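**Student:** Supplied in structure tokens, the structure appears directly below.
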Amino acid sequence: MGDLAANLVFQTLITYLAYFYTDIYGLKSIDASLVMLVVGLVAAFIFNPIIGVLADRTKTKWGKFRPWILYTAIPLGVVALLAFSTLDFSYKGKLIYATVTYSLLLMLYASSNLPYSALSGVITGDMSDRNSISSYRFVVVMFAQFFVQVFMLPIIEYVGHGNMAVGIESVMTWMAIVETILLLITFFTIRERIVPSIEQKSSIKDDLSDLVKNKPLLIMLSLTILVFITLAMKGSSYVYYFNNYVDKAALSNFISPVISVLSGIGINFFGSDPMAAGFGLFNAGGIIFMIVGISLSKDLRINMVNEMFINMVCL
């Protein structure tokens, strides 16, 4: 539930924030890019490390990380809604509003998601249990990604009756409510069982020194940065592609059989706009094939490990 809440926010930011700023809220593309770049860098190099240090040194009757989930549940939902609200300001006011709300959103997201991500280490000391927890988390991440990238844009178009500003505010209102409820349930239904011994205390300087010397971590960090650059570039560009480059008449003819089938089973919001429907169905195909690829990768990993073992024996 915690991952579902976090990824409803995260996937929405990756997929729609740039589009919202430029095509709905009316910011110039260069200004929207600067807001997202500057605030993103501040979050990466200031917000996240500070939250990590504070969370790791938190001591309450609820544990280290659970209080952060409780305290950020409602504020995160409220700010997520405000970040996608189209308040009537001057252009300069809109720019300031976007900067402030995006900064608050990333700070609250870090304050909620970083402690949440560390929970598996204090819920159980059993590695198989931690792996099981991670598996469940991955499934829910896929569910959130599927909803945001497949259904969200057609729903926005449908409930707004063509007015994207009204539609996105309506959808974000419900998503903020759902996100808040999920985080509160997460807080009340888990327990921190692993308490570090007193001997495990370390200073911030020691922590930073350990991080810099940890080569596997640095490799994973570099890979993660590249992966997230790819996610951001792909996720935010698809909606522009369908809105500005795809021929709507040709797209409507191409996807009309699928829309007819969906309408027959009661899913009517895909028929409101061919661009939104095409965007959603395109993402659905990508996610489905990604799931297939992941399911096939298990045997691939096993074969690779066996091959490495054979080579080591031969050597």
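Nothing in this text is a laboratory measurement; each read-out follows from the coordinates by a stated rule. Quantities reported herein were computed from a predicted structural model and do not represent experimental measurements. Neighbour counts run over all protein chains shown; Cβ positions are idealised from the backbone, glycine included.
**Student:** Using all C-alpha to C-alpha distances in segment 1-194, build P(r) with 10 Å bins and read off the rounded percent in each one.
**Tutor:** Once binned at 10 Å, the Cα pair distances of segment 1-194 give 9, 34, 35, 17, 5, 0.
**Student:** What number do you get for segment 32-74 when its Cα radius of gyration is normalised by 2.2 N^0.38 Å, N = residues? Provide the component values of the computation, followed by the final result.
**Tutor:** Values: Rg = 13.6 Å, N = 43, 2.2 N^0.38 = 9.2 Å.
The value comes to 1.48.
**Student:** Using +1 at the Cβ of each Lys and Arg and -1 at the Cβ of each Asp and Glu in the chain, identify which of SER203, LEU37, SER103 lies farthest towards the dipole's positive end.
**Tutor:** SER203
**Student:** Working out 0.36 nm times the residue gap between LYS248 and MET142, then minus their Cα-Cα distance, what length gain in nm do you get to one decimal?
**Tutor:** The span from LYS248 to MET142 would gain 35.3 nm if fully extended.
**Student:** In the Gaussian network model of the chain, springs joining C-alpha atoms below 10 Å, which of PHE242, PHE228, PHE151 carries the largest mean-square fluctuation?
**Tutor:** Of PHE242, PHE228, PHE151, the Gaussian network model singles out PHE228 as fluctuating most.
**Student:** How far apart, in nm, are two points set 7 Å out from the Cα along the Cα-to-Cβ line at TYR71 and at LYS92?
**Tutor:** 3.6
**Student:** Quick check: residue separation of TRP62 and VAL195 times 0.36 nm, minus the Cα distance between them. What number comes out in nm? Please list the in-between numbers first.
**Tutor:** Values: separation 133, 0.36 × 133 = 47.88 nm, distance 1.14 nm.
Gain in length upon complete extension: 46.7 nm.
**Student:** If one takes the longest principal axis of the Cα atoms in the chain, at what angle in degrees, from 0 to 90 and to the nearest 10, does the Cα axis of helix 127-146 lie?
**Tutor:** It is inclined by approximately 10 degrees.
**Student:** What do you get for the angle between helix 204-213 and the principal long axis of the chain? Use alpha-carbon atoms, 0 to 90 degrees, nearest ten.
**Tutor:** Rounded to the nearest ten degrees, it is 80.
**Student:** Would you list which aspartates and glutamates come within 16 Å of LYS59, measuring only between C-alpha atoms, while excluding same-chain residues fewer than 8 positions from it?
**Tutor:** GLU192, GLU199
**Student:** Whole angstrom only: what separates the Cα centroid of segment 157-196 from the Cα centroid of segment 211-285?
**Tutor:** About 21 Å separates the Cα centre of segment 157-196 from the one of segment 211-285.
**Student:** Follow-up question, since we're still on this one. Only sites in a loop by DSSP and with at most 14 other Cβ atoms within 10 Å count here; which chymotrypsin sites (Phe, Trp or Tyr not before Pro) in segment 52-101 make the cut? Kindly include the intermediate steps, with their values, before the conclusion.
**Tutor:** Details: sites: TRP62, PHE65, TRP68, TYR71, PHE84, PHE89, TYR91, TYR97; in loops: TRP62, PHE65, PHE84, PHE89.
In loop regions of segment 52-101 (DSSP not H, G, I, E or B), the sparsely surrounded chymotrypsin sites (Phe, Trp or Tyr not before Pro) are PHE89.
**Student:** Output the relative contact order of the chain, whole-number percent, from Cα pairs under 8 angstrom with separation of 6+ residues. Don't skip to the answer; put the middle values down first.
**Tutor:** Details: 293 pairs, mean separation 83.9, N = 315.
RCO, the chain: 27 percent.
**Student:** Here is a further query. Report relative contact order for segment 170-293 in percent, whole number only (criteria: Cα-Cα under 8 Å, sequence separation at least 6). Walk me through the intermediate numbers first.
**Tutor:** Details: 31 pairs, mean separation 20.5, N = 124.
It comes to 16 percent, rounded to a whole number.
**Student:** Show me, for segment 279-288, the HN-Hα J-couplings you get by feeding each phi into the Karplus relation (A = 6.51, B = -1.76, C = 1.60, θ = phi - 60°), rounded to Hz, glycine and proline as x.
**Tutor:** Result, rounded to whole Hz: 4, x, 5, 4, 5, 4, x, x, 5, 4.
**Student:** Per the Kirkwood formula on distinct C-alpha pairs, the Rh of segment 114-217 is how many angstrom? If you can, show how the numbers build up before the last one.
**Tutor:** Details: mean 1/r = 0.0571 Å⁻¹.
Answer for segment 114-217: a Kirkwood hydrodynamic radius of 17.5 Å.
**Student:** Which lysines does LYS213 reach when only Cα atoms under 20 Å apart count, and residues fewer than 8 places away in its own chain are ignored?
**Tutor:** Partners found: LYS201, LYS205.
**Student:** Shifting gears a bit: How big is the dipole moment of segment 159-278 about its Cα centre under a simple scheme where the beta carbon of each Lys and Arg is +1, that of each Asp and Glu is -1, and everything else is neutral? Debye, nearest 20, please. Mind dumping the intermediate values first?
**Tutor:** On the way: 8 positive and 9 negative charges, 57 e Å.
With Lys and Arg at +1 and Asp and Glu at -1, about 280 debye.
**Student:** Relative contact order for segment 100-241: what is it in percent, counting Cα pairs under 8 Å that are at least 6 residues apart? Present the calculation step by step, with values, prior to reporting the outcome.
**Tutor:** Values: 42 pairs, mean separation 31.2, N = 142.
22 percent.
**Student:** Taking the 0 to 90 degree range and rounding to the nearest ten, how far is the long axis of helix 2-19 tilted relative to the main principal axis of the chain, both from C-alpha atoms?
**Tutor:** Between helix and principal axis, roughly 50 degrees.
**Student:** What would the Debye formula give as log10 I(q)/I(0) at q = 0.10, 0.12, 0.15 Å⁻¹ for the alpha-carbon point model of segment 1-113, no solvent?
**Tutor:** Log-scaled intensity ratios, in q order: -0.32, -0.45, -0.67.
**Student:** Using a Gaussian network model of the chain whose springs link C-alpha atoms within less than 10 Å, name the residue from ASP273, ASP206, ASP31 with the highest mean-square fluctuation.
**Tutor:** ASP206
**Student:** Calculated from DSSP H runs of 4 or more alone, at -39500 (n - 2.57) each and per residue, what is the 222 nm mean residue ellipticity of the chain, nearest 500?
**Tutor:** On the way: 13 runs with 242 residues, N = 315.
Taking each H run of at least 4 residues, the total per residue is -26000 deg cm²/dmol.
**Student:** Can you pull out the trypsin sites (Lys or Arg not before Pro) in segment 1-80 that DSSP calls coil and that have at most 12 other Cβ atoms within 10 Å?
**Tutor:** On the way: sites: LYS28, ARG57, LYS59, LYS61, LYS64; in loops: LYS28, ARG57, LYS59, LYS61, LYS64.
Qualifying residues, ordered by number: LYS28, ARG57, LYS59, LYS61.
**Student:** Could you size up the charge dipole of the chain around its Cα centre, putting +1 on the beta carbon of Lys and Arg and -1 on that of Asp and Glu, and report it in debye to the nearest 20?
**Tutor:** Details: 20 positive and 19 negative charges, 145 e Å.
Once rounded to the nearest 20, the dipole reads 700 debye.
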